Amino acid sequence: MKTSYTLFDRILHWTLAFGILFIMLTVFLRLNWMEKNHVAAILTDNLSNLDIEITKDQAIKIAKQIRKPMFDWHITIGYVVAGLFALRMLFHINNKKSFKPITTKEKFQAWVYRIFYVLLGITLTTGLLIKFGPDSIHDLTEDIHKLTLYYIIPFLILHFTGILLAELGSKKGIISKMIGGEK
């Protein structure tokens, strides 16, 4: 694949990358430290130490409000990533000088990116449908949205492995070119 990146390529890549990583962080926090039952247990334990008793349902309601600002950021950055994704797709469609894979390795790379962008499109579409779609498909789109999370980790592993192999192999300097451009 090409190893020369325009300023537009680099800005788009890094803003998409940091947006996706930020969204993944909010998901990780929501499923772990900020998980509603975990936060509710902390609330009930600490309040009982102060001789204040609340029900589990009340604690969960408070826990959801505690983590709401984080989830609001998840949604806001999701809109940004959706816009960047649309821009990326428009740029790719309009760029007729697109890379044509020749070797088996290049074909594999091209398919990995195609699959990534299709799955990212599904993730973003289901996220938007959760927020703006009809109630009749809410549960289905939410299930699909949650499942699409699982493609990001293997993609990142493949992406970083490919970068490392390229840097150590025939495309030395690919990392600096993606950060600072052609010197």
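The values are calculated or read from the model by the stated rules, or taken from the named source; none is laboratory data. In this text, all values refer to a predicted model and were calculated from it rather than measured experimentally. In this analysis, Cβ positions are derived from the backbone assuming ideal geometry, glycine residues included, and neighbour counts consider all displayed protein chains.
Computed quantities for the displayed model
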item: Positions within the range 123-179 being more than 29 Å from Arg10 (Cβ to Cβ) and either aliphatic (A, V, I, L, M) or modelled with pLDDT under 90 (or both), in sequence order; result: Leu129, Ile130, Ile137, Leu140, Ile144, Leu147
item: Residue in the range 97-106 that is under 22 Å from His13 (Cβ atoms) and either acidic (Asp, Glu) or in contact with a strand residue (DSSP E or B) (Cβ under 7 Å, 6 or more places away or on another chain) (or both) present; result: yes
item: Count - residues of the range 101-114 that are among the hydrophobic types (A, V, I, L, M, F, W, C) and surrounded by 14 or more Cβ atoms within 10 Å (Cβ to Cβ); result: 2
item: Filter result for Lys171 (more than 23 Å from Leu25 (Cβ to Cβ) and touching a residue at least 60 places away in the same chain (Cβ under 8 Å)); result: yes
item: Counted residues, the range 17-33 - those being part of a helix (DSSP H, G or I) and polar (S, T, N, Q); result: 1
item: Total residues in the range 1-16, condition exposed (fewer than 13 other Cβ atoms within 10 Å of the Cβ) and assigned to a helix (DSSP H, G or I); result: 4
item: Qualifying helices (runs of 4 or more DSSP H) (wholly inside the range 34-143; at least 2 residues being hydrophobic (A, V, I, L, M, F, W, C) and under 30 Å from Ala166 (Cβ atoms)); result: 56-94, 104-132
item: Number of positions in the range 130-163 that are of a type in the set (Val, Ile, Thr), exposed (fewer than 15 other Cβ atoms within 10 Å of the Cβ) and closer than 30 Å to Ser176 by Cβ; result: 4
item: Unmet criterion (only one of (1) modelled with pLDDT of 95 or more; (2) of a type outside the set (A, V, I, L, M, F, W, C); (3) closer than 18 Å to Leu21 by Cα) for Gln65; result: (3)
item: Enumeration of residues in the range 144-182 that are assigned to a helix (DSSP H, G or I) and either on the phi > 0 side of the Ramachandran plot or of a type in the set (Phe, Trp, Tyr) (or both); result: Tyr150, Tyr151, Phe155, Phe160
item: Condition met for Thr126 (surrounded by 15 or more Cβ atoms within 10 Å (Cβ to Cβ), polar (S, T, N, Q) and farther than 20 Å from Leu158 by Cα); result: yes
item: Inter-residue pairs, beta-carbon under 8 Å, first within 11 Å of Gly19 (Cα to Cα) and in the range 80-92, second at pLDDT 95 or above and of a type outside the set (A, V, I, L, M, F, W, C), 6+ apart; result: Val80/Thr15; Val80/Gly19; Val81/Gly19; Ala82/Gly127; Leu84/Thr15; Leu84/Gly19; Phe85/Gly121
